[in-house]
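Note sheet for the following structure.
The values are calculated or read from the model by the stated rules, or taken from the named source; none is laboratory data. Note that this is a predicted model, so its numbers are computed, not measured. Methodologically, a virtual Cβ is constructed for each residue, glycine included, from the backbone with ideal geometry; neighbour enumeration extends over all protein chains shown. Accessible surface areas use protein heavy atoms only, side chains included; no ligands, DNA or RNA. Shrake-Rupley method; radii C 1.70, N 1.55, O 1.52, S 1.80 Å.
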Amino acid sequence: MNNLVSLKRIVKQYSPTLGGRIVILNMDKRILEDSFYILENEIINNNEIRGAPNLEEEIGYYIKGGINILQVAVYG
């Protein structure tokens, strides 16, 4: 649980600096932290998320609601 507290602190610190959104998931693809505070506890299961645990570099481009989205999934 201490690791999650540390991760939440990092998300709050760096998401404004990056000018983007940071989402942290567990191995069950459940969102533990969302810098936009919208998707906590939701499950994401797309190509980027499925590839990350296999150490595959996964990048996806989406358009949602007229907004361009770049999604990068990393495992660590």
Checklist outcome for this item: extent check for the chain: Cα max minus min per principal axis, descending, whole Å, gives 33, 28, 20
Checklist entry - In deg cm²/dmol, rounded to 500, what helix-only [θ] at 222 nm does the chain give when every DSSP H run of at least 4 residues adds -39500 (n - 2.57) and the total is split over its residues? => result -9000 deg cm²/dmol
Item to check | Simple label model, 7 Å out from Cα along Cβ direction - Ile69 to Asp28, nm | outcome: 2.2 nm
Checklist entry - What accessible area per residue, rounded to a whole number of Å², is obtained for the chain using a probe radius of 1.4 Å? => result 78 Å²
